[in-house]
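Engineer: Structure incoming, see below.
The values are calculated or read from the model by the stated rules, or taken from the named source; none is laboratory data. Model, not experiment: these values are computed from the prediction. All Cβ positions, glycine included, derive from the backbone under ideal geometry; neighbour counts span all protein chains shown. Each accessible area value is taken on the protein alone, full model and side chains, heavy atoms only, with ligands, DNA and RNA left out. Shrake-Rupley method; radii C 1.70, N 1.55, O 1.52, S 1.80 Å.
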Amino acid sequence: MTPDEMEALIEAHLRAEGNGDPEGAVANYTEDIEHDVVGFPGSPLRGIPAALEFYRQLVKDIRTDGEERLHTYYANNAAIIENLVVATVTGQVLGIPGNSKQVTFRTLHVFEFRDGRISRENLWLDGAALAAQLTS
């Protein structure tokens, strides 16, 4: 896949996630997607139904207020992006109640692609920054 093709899938995925649309967030996944939020209980998840449940809970717990792309790297059928995310935690994150606090944290996504779709999503997030902001 070309970087432009990868970017179109990434943008559609992140836009749906940011808009609170779980079905849209998984719309460009392969049926056998590996969805891995590092350190999250039960990760990695496999298959669209498991990823969809993750996003249904995510949009209940976190509302994305903004995202800024900091770095992007492309490889053969893979893309790595670093974002700065601003979000409001309406539920819980890392087992910590959000109390509708706004937080800012960095994320690192590793996307892999197959047959014109996202076949793997690996997410690393700055849990220490999240925890510090939610408990202060």
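Engineer: Among the residues of the range 93-104, how many are touching a helix residue (DSSP H, G or I) at 6+ places or on another chain (Cβ under 7 Å) and open to solvent by 20 Å² or more (accessible area, probe 1.4 Å)? Lay out the reasoning, then the answer.
Structural biologist: Narrowing the range 93-104 to residues touching a helix residue (DSSP H, G or I) at 6+ places or on another chain (Cβ under 7 Å): 93-94, 96, 98, 101, 103.
Remaining after also requiring open to solvent by 20 Å² or more (accessible area, probe 1.4 Å): 94, 96, 101.
Of the residues in that region, 3 qualify.
Engineer: Then there's this: Determine the pairs where a residue that is at negative phi, located within the range 64-82, has a partner that is in a strand (DSSP E or B) and among the acidic types (D, E) with Cβ atoms under 9 Å apart, the partner being 6 or more residues away or on another chain.
Structural biologist: Partner pairs satisfying both residue conditions: R69/E82; L70/E82; H71/E82; T72/E82; Y73/E82; A78/E112; A79/E112.
Engineer: Also, I was wondering about something else. Any residue at all in the range 34-43 that is within 12 Å of I118 (Cβ to Cβ), β-branched (V, I, T) and assigned to a loop (DSSP other than H, G, I, E, B)?
Structural biologist: no
Engineer: Another one. Suppose we filter the range 123-135 for residues that are under 14 Å from the mean Cα position of the chain (by Cα) and either outside any strand (DSSP E or B) or buried (at least 18 other Cβ atoms within 10 Å of the Cβ) (or both); how many remain? Steps first, answer last, please.
Structural biologist: Initial filter on the range 123-135 (under 14 Å from the mean Cα position of the chain (by Cα)): 123-127.
Filter again for either outside any strand (DSSP E or B) or buried (at least 18 other Cβ atoms within 10 Å of the Cβ) (or both), leaving 125-127.
So the count comes out to 3.
Engineer: Being closer than 16 Å to R120 by Cα and surrounded by fewer than 19 Cβ atoms within 10 Å (Cβ to Cβ) is true for just one of E23, E67, E5. Which residue is that?
Structural biologist: On the way: E23 fails: closer than 16 Å to R120 by Cα; E67 fails: closer than 16 Å to R120 by Cα.
Answer to the selection: E5.
Engineer: Of all residues in the range 9-24, how many are farther than 13 Å from F111 by Cβ and in contact with an Asp or Glu (Cβ under 7 Å, 6 or more places away or on another chain)?
Structural biologist: So the answer is 1.
Engineer: A further question follows. Take the range 95-114 and flag every residue that is within 20 Å of D36 (Cα to Cα) and in contact (Cβ under 8 Å) with a residue 24 or more places away in the chain. Even if it seems obvious, please write down each step before you answer.
Structural biologist: Just the residues of the range 95-114 that are within 20 Å of D36 (Cα to Cα), to begin with: 95, 105-114.
The answer is F105, R106, T107, L108, H109, V110, F111, E112, F113, R114.
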